[in-house]
């Protein structure tokens, strides 16, 4: 009989997650999202204390969210904390649902574009016999709510908590910037919590709140293989750091403040890179993100063949749509033995340097 842990690992890999095994959990990543996967078989009933400890350990290791697999009982105080801390619970019913969806997707070739995560890291055979190429997915969600998958809608209906495999899509839909107004991500950590996250620093002398500017862009792209056939369309959102020019996927879901910060001691940094330069950088980033080699698995009688294909954006088929500036709050910490930058929304350590 196969262990639940093995099934969960295979299910996550099937959906495009990279997995690393740690002593007491799995570290799963897809795009820039990092997930702690805890498979709990020793505890009969999950308690609030258990969830608190789990959340604390995940935050200190820099994970964006937690997936907890547990087929036993859940205490009432634990249920409230699951929602509060964005802990995604796979109980027996949810695990059965995900395994069934994966089996059906593999059998029926349920491939309809970027909004469905199934087997998005492979080129697969379409049920009609013609090959369809699906490039490795960056999990930035869909721009139009009408493009949300049926699977996502059903997951949100089932008890109010989305499953992890559509959770990233459901969250990132909230973060899409559909106008060009400047926006400010809300602060969720105070200075004391930021200092606690940077636990390696001793005797922190300064803890300043700063807002980092990012140029936001929605994008749409058509991909083709090395023989010129269009294979898939993708879309998503990019953030270009308005100070450094570095482009990154905008994967995290954030709560926005109603307006500019009211804290007079907070510093709102001015962009040093203009919108046009950021636009060009976003265009380059989309090309780099979507240029790769993918493998297609073919069964030819008794022989399994792996066919490699080059996939890249089609010439003239990249649309970059400016969506204004978004300001991300960070805590900048200084101590005699080093410095650290902590994201004031997620609690993640952005940068840390220590003196020898």
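What follows is calculated from the coordinates using simple rules that are stated; it is not laboratory data. Please read these numbers as outputs of a predicted model, since none were measured by experiment. Heads up, the Cβs are rebuilt from the backbone with ideal geometry, glycines too, and the neighbour counts pull from every protein chain shown.
Key figures
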quantity	calculated
Extension gain, residue 334 back to residue 262 (0.36 nm per residue minus Cα-Cα distance, nm)	23.6 nm
Mean separation of Cα contacts under 8 Å (6+ apart) over length of the stretch 1-108, as relative contact order %	21
Least to most buried among 181, 65 (fewest other Cβ within 10 Å first)	181, 65
Fewest-first ranking of 351, 30, using other Cβ atoms within 10 Å as the exposure measure	351, 30
Neighbour-count order for 91, 263, fewest beta carbons within 10 angstrom listed first	263, 91
Percent antiparallel among DSSP beta bridges (both partners in the stretch 1-108, rounded to 5)	45
Part-to-part distance (alpha-carbon centres) for the stretch 3-42 and the stretch 184-209, which is given in Å	30
At R0 = 22 Å, FRET efficiency that the Cβ-Cβ distance of residue 190 and residue 49 yields, to 0.05	0.40
